[in-house]
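In what follows, a structure is listed as structure tokens, so that the remarks can point back to it.
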Amino acid sequence: MMVLILAYAAVVCSFLSGLLALLINQRGSLNELLQRLPLRPLSREWLNDCLTESHYPLRLKQAVFIVLGVSGLLAVSAGIAVLISQSAFTDQIGLGLPWLPWHVRFDGLSGFFFLIVGIAVIAVSIYGPGYVQAYQEEKHPFAVLGLFTGLFVAGMLLVLLADDAFFFMIAWELMSVASYFLVAFQHENPANRRAAFLYLLMAEVGALAIILGFGVLAAFTDGLTFDALRQANLSTTWASIAFVLALLGFGMKAGIVPIHVWLPEAHPVAPSHISALMSGVMLKVAVYGLIRFCFDLLTDVHWQWGVVLLVLGTISALGGILYAMMQPNLKRLLAYSSVENIGIIFMVLGLAMIFMANGFPQLAALGLLAALFHAFNHALFKNLLFLGAGVLQHQVHSLDIDNMGGLIKRMPQTSFLFLVGCMSISSLPLFNGFVSEWLAFQTALQVDVLDNGVLRSLIPVAAAALALTAALAAACFVKVFGMIFLGLPRSRHSEKAQEVDDKGMLLALKVLAGLCFFFGIFPTLIIAALNNVAKQLLGQSLPNDTLLSWMWLAPVSSQKASYSPILVLIGVLIATGFTFWYLRRNPDTKTMRRSATWDCGFGGLNARMQYSCSAFTMPFRRIFAKVWLIEEQIDKDMQGALDMDVASIRYRLQVEDHSWPRLYQPIAHGINSAARLVGRIQTGNIRVYLGYSFVTLILMLWVVSL
């Protein structure tokens, strides 16, 4: 029961952080209350100092983030406790309808996602006080930001605790609506309002699909609790309908292609720490919902469902990283990168379904383990990168990569920490992203156990697409780091940038970067817990002798494939030490010297001579031209007697998503046409309206008399 108390306390603290933010405008009321309290003189003097006009807002903001950080610590503690206990804890809360109390279940799966939420919330609570100082209270009130941040975190935690469809949807809507207000926080910008509306619209369409999915299960049983839904006896057709509805609802929130278009619109306009929570955590809550629905409530999975997830995941992974490469806006690029990583998670979940349906539960456990581990890793490095983007925006006053450059000399700590995030998301060894993608490859390579010829052909193609995705991701983040931190400054703000003053913002980045490295070297600490989660869901886990050695990772068998991050680290350290020793022996390289950026011997190097984002990605744009809608235009201004001399050149490049013109714009045109047809009944004539009422009354009487 203590585990549940920790989980409840995490939810309560997140609510309290939001309510505490509302006190930002109540200084006068608190002063009056203070005068009535029987306090000692020293205590009264300290509180009076806290409530002064200069100290009060700062202290209150710090208090809000402290309480939010406590919520994160409690969530991490509860998650670790339930993973260690390997048990499920249940409870009921009498807050729902009188005949339908809220049912609570806290097991290994929800505990693991509690851990993901808790780590991200702790990082945001450290980062937030320094970041929000840039907002003007008159235009962007902290009370709004703090309130909906607390409600957003509480909604995510409640989704993970819900054990009935009614409670689940209430928590889901709390999470969605609160995040809508956070996306619309800087509402003075029309683009922000448009992005927030699009997000809310798609969130509600997804919620409707999830409700219908639960409704299909509820139609074959006698309750809305998850225990009752597990007993539903569905035919293959109805089970497939429920799966499609759940995939639509949870996939829309997760950002799977082609229902991903809200994600690159909403994430760039939200405050950076909110973007980190949405991309790093909220998308994982959607993944949790799909896993809970498919592997827990539906119980019997079909290999055709796995093929659907595999294909959609492959398209999302490859398409997401290709779209990310073309983006000059840093947060928009990171948002499309989230589409890529969610695609990888869906791919591996599809493999888990395929192996489960074909009678290979141990390989299904490997696939589920790889998907969950990648969800955990993505939460770490995507939070690191979004918070790093916030630091860059705070110092450079821009998110346009082409306006940055040369920041490694001016912001060395930020550049190093951002490099860790880039290496992690690029799946390089020694960092956590490599381990989970390696496990994904190991899952796909076991295709030879299947007898189905279609699957034996399809899965290797998906694995090849995953390899291409990993290579493109590395190229994408070479562009990101190179354009932002290397070379010469491309703007006045970049030239005058310096390391952020607030230590908390850098500390949050250091914590996340340290975790990316730590879990890249010691992945078995998480994998051991995930093995227990797989056993709870699938009734099968991987053998301890092949997986859980602290030094070696051998997911199938040591004869097939193994990986030792410790030995790789030792090899890197030896190679680095030998290189340093060799350079120190050479008189020409014994001392380090600083010089100007290499100018290839031409001299007079300036920022206009450097690669831009569009120049860097031009080879990829030529190869994968059909992936995007590209509008490229070069305008030349001519001069001279015969207009033969070029005075100036203007280059314009616009890259758009195929989803807009081919899917969403036809839907929008259809809705507008239907609305105009319906609008014709509004004639403004009272006799016509009375006729409508009379016809409706006759129809109702006829229906009742049947």
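The values are calculated or read from the model by the stated rules, or taken from the named source; none is laboratory data. This one's a predicted model, so the numbers in the text were calculated from it and none came from an experiment. As a convention, Cβ positions derive from the backbone with ideal geometry for all residues, glycine included, and neighbour counts pool all protein chains shown.
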field: Selected residue (criterion: surrounded by the fewest Cβ atoms within 10 Å (Cβ to Cβ)) from residues of the range 248-272 that are among the β-branched types (Val, Ile, Thr) and not in a helix (DSSP H, G or I)
entry: 261
message: Of everything in the range 532-578, what is modelled with pLDDT of 85 or more and out of contact with any helix residue (DSSP H, G or I) (no Cβ under 9 Å at 6 or more places or on another chain)? Give them in sequence order.
response: 567, 570, 571, 572, 573, 574, 575, 576, 577, 578
field: Filter result for residue 605 (among the aliphatic types (A, V, I, L, M), touching a residue at least 40 places away in the same chain (Cβ under 8 Å), surrounded by 11 or more Cβ atoms within 10 Å (Cβ to Cβ) and touching a Phe, Trp or Tyr at 6+ places or on another chain (Cβ under 9 Å))
entry: yes
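For the range 282-366, which helices (runs of 4 or more DSSP H) that fit wholly inside it have 2 or more residues that are of a type in the set (Phe, Trp, Tyr) and assigned by TED's automatic domain parsing to the domain that holds residue 437? Talk me through it step by step, then tell me what you get.
Details: elements: 283-291, 303-325, 330-357.
Those helices (runs of 4 or more DSSP H) span 303-325, 330-357.
Buried (at least 24 other Cβ atoms within 10 Å of the Cβ), of a type outside the set (Lys, Arg) and outside any helix (DSSP H, G or I), is that true of residue 103? Spell out how you get there, then give the answer.
Values: buried (at least 24 other Cβ atoms within 10 Å of the Cβ): yes; of a type outside the set (Lys, Arg): yes; outside any helix (DSSP H, G or I): yes.
Criteria met by residue 103.
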message: Going by what's in this entry, would residue 24 be described as buried (at least 16 other Cβ atoms within 10 Å of the Cβ), assigned to a helix (DSSP H, G or I) and at pLDDT below 85?
response: yes
task: Just name the residue that is farthest from residue 108 (Cα to Cα) out of those in the range 58-82 that are under 23 Å from the mean Cα position of the chain (by Cα) and polar (S, T, N, Q).
output: 71
statement: Considering the range 349-394, residues that are among the aromatic types (Phe, Trp, Tyr) and in contact with a Ser or Thr (Cβ under 7 Å, 6 or more places away or on another chain), and then whichever is farthest from residue 307 (Cα to Cα), we arrive at 386
task: Residue by residue through the range 483-497, note down the ones that are assigned to a helix (DSSP H, G or I), buried (at least 17 other Cβ atoms within 10 Å of the Cβ) and not polar (S, T, N, Q).
output: 483, 484, 485
message: Any residue in the range 245-274 that is closer than 17 Å to residue 120 by Cβ sitting within a Cβ distance under 8 Å of a residue that is of a type in the set (Lys, Arg) and part of a helix (DSSP H, G or I)? List the pairs, counting only those 6 or more apart or interchain.
response: 267/331; 267/332; 272/331
Cβ pairs under 7 Å, 6+ apart, first in the range 556-570 and without any contact (Cβ under 8 Å) to a residue 12 or more places away in the chain, second part of a helix (DSSP H, G or I) and surrounded by 15 or more Cβ atoms within 10 Å (Cβ to Cβ): 557/546
- request: Would you mind finding the one in 337, 275, 279 that is surrounded by 24 or more Cβ atoms within 10 Å (Cβ to Cβ), of a type in the set (Gly, Ala, Ser) and closer than 18 Å to residue 372 by Cβ?
  value: 279
- prompt: closer than 30 Å to residue 621 by Cβ, part of a strand (DSSP E or B) and without any contact (Cβ under 8 Å) to a residue 12 or more places away in the chain: does that describe residue 668?
  reply: no
field: Residue selected from the range 93-109 under the condition within 17 Å of residue 12 (Cβ to Cβ) and out of contact with any Asp or Glu (no Cβ under 6 Å at 6 or more places or on another chain), by the criterion modelled with the highest pLDDT
entry: 106
message: Can you tell me which condition residue 245 does not meet? The list is (1) crowded, with 24+ Cβ neighbours inside 10 Å; (2) more than 24 Å from residue 452 (Cβ to Cβ); (3) at pLDDT 90 or above, and all the others hold.
response: (1)
